[in-house]
1. From B:Asp242, B:Asp227, grab the single residue that is in a helix (DSSP H, G or I), surrounded by 10 or more Cβ atoms within 10 Å (Cβ to Cβ) and charged (D, E, K, R).
2. Quick check on this structure: which one of B:Arg79, B:Arg118, B:Arg136, B:Arg95 is more than 14 Å from chain A (Cβ to nearest Cβ), within 26 Å of A:Val56 (Cβ to Cβ) and open to solvent by 10 Å² or more (accessible area, probe 1.4 Å)?
3. Any chance region A:70-82 includes a residue that's assigned to a helix (DSSP H, G or I), in contact with a strand residue (DSSP E or B) (Cβ under 9 Å, 6 or more places away or on another chain) and farther than 20 Å from A:Arg162 by Cβ?
4. What are the residues in region A:141-171 that are surrounded by 15 or more Cβ atoms within 10 Å (Cβ to Cβ), within 20 Å of A:Gly199 (Cα to Cα) and not hydrophobic (A, V, I, L, M, F, W, C), if any?
5. Looking at B:Val153, is it within 10 Å of chain A (Cβ to nearest Cβ), buried (at least 19 other Cβ atoms within 10 Å of the Cβ) and modelled with pLDDT of 95 or more?
6. Only residues that are open to solvent by less than 20 Å² (accessible area, probe 1.4 Å) and under 21 Å from A:Asp61 (Cα atoms): list them for region B:166-184, please.
7. Do you know which residues across region A:135-158 are part of a loop (DSSP other than H, G, I, E, B) and out of contact with any Phe, Trp or Tyr (no Cβ under 7 Å at 6 or more places or on another chain)?
8. Do the conditions hold for A:Glu115, that is, is it among the acidic types (Asp, Glu) and within 14 Å of chain B (Cβ to nearest Cβ)?
Amino acid sequence: MIPYFPGCTLKTKADFFETSALRVARCLGTELIELPRWNCCGTVTSLTSDDLIHHVAPLRDLIRVEDMNTSGEIYQEYRLVALCSMCFHVLKRAHLRVMQNPGELEKINNLMYLESDYQGKVSVLHFLELLRDIGFPKIQRTVKRPLAGLRVSPYYGCLLLRPKEVAIDDPEDPAILSHLLEALGAEVINNPFKTRCCGSYQTVCDKAAVAELTFDILSRARQEGAECVITSCPLCMFNLADRQKEVREKHPEFEPMPVLYFTQLMALAFGLDDVCGFDQNAVDARPLLQEKGLSTRGAS
Amino acid sequence: MKKKKIDVMERVREASKAVITGVDDKDIEHWVDIHIMGKAYQVPADLTIMQAIEYAGYRLMRSCGCRAGFCGACSTIFRRKGEYKLQGAMACQTRVEDGMMLVQIPFSPAEKPLYDIREEKYESSVLLKYFPDVARCVSCNTCTKSCPQNLQVMDYVQAALKGDFRGIAEGSFECIQCGLCAIRCPAEIVQYHMAQFARRMYGRHGSPRDKNVESRVGEIEKGKFNDEFDRVMGLSEAELKDVYTKQQNTREVY
């Protein structure tokens with residue numbers, strides 16, 4: 001049993017990301033248990049030197065992991081798995097920051113004077129790192145429906161890779177998603193724009209700028225031969241998938257490109273048809289999957 | 001001719017004293033010095049904050065209600081002697097201490113949106129539609145520390161971000177709407193109004209229907225109790241008292 005941190009988006013707009021991930025993990029013999037009483041990760045890492053209040057939220061979540069160990073709910077398990085790239089990034093950076101600045105940790109612990117202190121024991125993992133630890137050969141052995149012939153381009157964005165202290169892979173040329181896709185039997189299409197910024201929160205105030213980035217990233221993926229793109233970030237997902245509407249307004253020639261969470265393809269390959277959630281994606285991948293002979297049985 | 005000025009406060013003060021303490025001042029052994037709205041008073045040591053304020057001569061038009069810790073009307077803010085932290089509590093549930101500085105909060109001027117729960121969709125986005133301030137929560141836990149009901153206020157605010165109506169409803173079930181959480185929140189979230197909205201939404205759309213209630217409502221609508229109501233409505237005052245007394249003496253309560 002490993003505690004995992006869902007985050008707000010996985011409980012609302014991206015619930016199919018969560019359900020697919022949990023089932024995939026179970027298939028691989030790992031039970032992820034939802035962190036009790038978790039709160040919002042904080043959503044963005046505050047870089048202001050004296051703005052400590054915005055690091056309280058992520059640290060609270062890390063304290064919950066230590067509390068689980070104290071209460072005996074889990075034993076000597078200080079890993080915390082995050083699924084959302086943003087949550088992973090914020091949680092890990094908060095941990096690193098207070099480890100490097102003991103004075104700040106003391107201030108924050110003092111603010112939470114009626115609660116447990118943060119001991120600094122937690123190691124924040126992204127689900128992809130857990131999968132790498134489980135081993136890609138094991139993932140390959142679990143595959144029931146190889147994604148043969150499906151040309152998939154991994155998209156990392158920034159949160160999993162930058163800054164390099166929090167990177168889950170080589171920040172310049174990451175390969176973890178490619179290894180995963182290979183294990184699933186898919187054809188990996190390398191996109192030179194795989195680590196480009198999707199525009200992040202600019203999507204709130206400048207849709208056009210984000211649409212332009214989406215256009216660049218997805219056009220390049222298609223140029224390289226991709227039929228769909230995978231990501232691990234709900235914000236990248238929104239910008240790459242939902243913003244295709246704005247892309248088409250400006251570039252009428254742009255053809256829709258399905259963007260999926262990597263766990264959806266894992267669920268498909270593992271034969272977990274009821275949790276694939278293909279009916280929830282902004283750009284429907286089902287016609288493509290049908291064409292490739294990868295249709296799921298039932299609703300999704 | 002100049003009319004003699006009557007000090008109303010003094011008269012209320014004198015009239016309140018014995019009523020509040022139940023004994024003469026001369027028989028009271030222990031006294032504490034407190035400040036109410038910045039003015040010094042000496043009051044008997046075991047009064048509640050509300051009693052102390054009345055003992056001092058204030059007549060509470062707002063900021064008081066059930067006097068039993070249930071209604072949430074008597075939000076009070078105080079500072080203990082030598083402490084830098086402001087504390088919040090219910091004035092009727094907290095005893096005065098020597099050196100306390102007190103102030104009553106007559107009303108929490110929190111924003112409360114208008115909504116119609118019958119029209120709203122039962123989905124997470126509706127919480128942020130009416131209470132977008134919830135997204136500003138930095139998990140400082142000030143709300144939880146200020147809650148006189150000892151609710152985990154921050155947890156139910158966080159439940160709102162997760163779209164967890166049931167979590168909010170259960171987490172805030174014992175809320176008395178005093179508003180102290182909203183007054184203390186640095187992100188200026190209106191926790192208690194949000195929770196009330198969520199409880200209403202959960203009650204209407206989320207919680208399972210109770211079969212017993214539905215069947216009883218059906219019976220009422222079919223007129224099962226009409227004869228009984230007509231009989232009671234037709235009784236004289238004496239007969240009604242008699243029926244009431246007998247009913248109170250039976251174990252059956254319905």
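1. Result of the check over B:Asp242, B:Asp227: B:Asp242.
2. Details: B:Arg118 fails: within 26 Å of A:Val56 (Cβ to Cβ); B:Arg136 fails: more than 14 Å from chain A (Cβ to nearest Cβ); B:Arg95 fails: within 26 Å of A:Val56 (Cβ to Cβ).
Unique residue meeting the criteria: B:Arg79.
3. no
4. Residues satisfying the conditions are A:Ser153, A:Pro154, A:Tyr155, A:Tyr156, A:Gly157, A:Arg162, A:Pro171.
5. Numbers: within 10 Å of chain A (Cβ to nearest Cβ): no; buried (at least 19 other Cβ atoms within 10 Å of the Cβ): yes; modelled with pLDDT of 95 or more: yes.
No; evaluated as a whole, the condition is false for this residue.
6. Within region B:166-184, B:Ile168 is the sole residue that qualifies.
7. Those that are part of a loop (DSSP other than H, G, I, E, B) and out of contact with any Phe, Trp or Tyr (no Cβ under 7 Å at 6 or more places or on another chain): A:Gly135, A:Arg145, A:Pro146, A:Leu147, A:Ala148, A:Gly149, A:Leu150, A:Tyr155, A:Tyr156, A:Gly157, A:Cys158.
8. yes
The values are calculated or read from the model by the stated rules, or taken from the named source; none is laboratory data. These numbers were taken from a predicted model, which means no experiment stands behind them. In this analysis, Cβ positions are derived from the backbone assuming ideal geometry, glycine residues included, and neighbour counts consider all displayed protein chains. Only protein heavy atoms, including side chains, enter the accessible area calculation; ligands, DNA and RNA are left aside. Shrake-Rupley method; radii C 1.70, N 1.55, O 1.52, S 1.80 Å.
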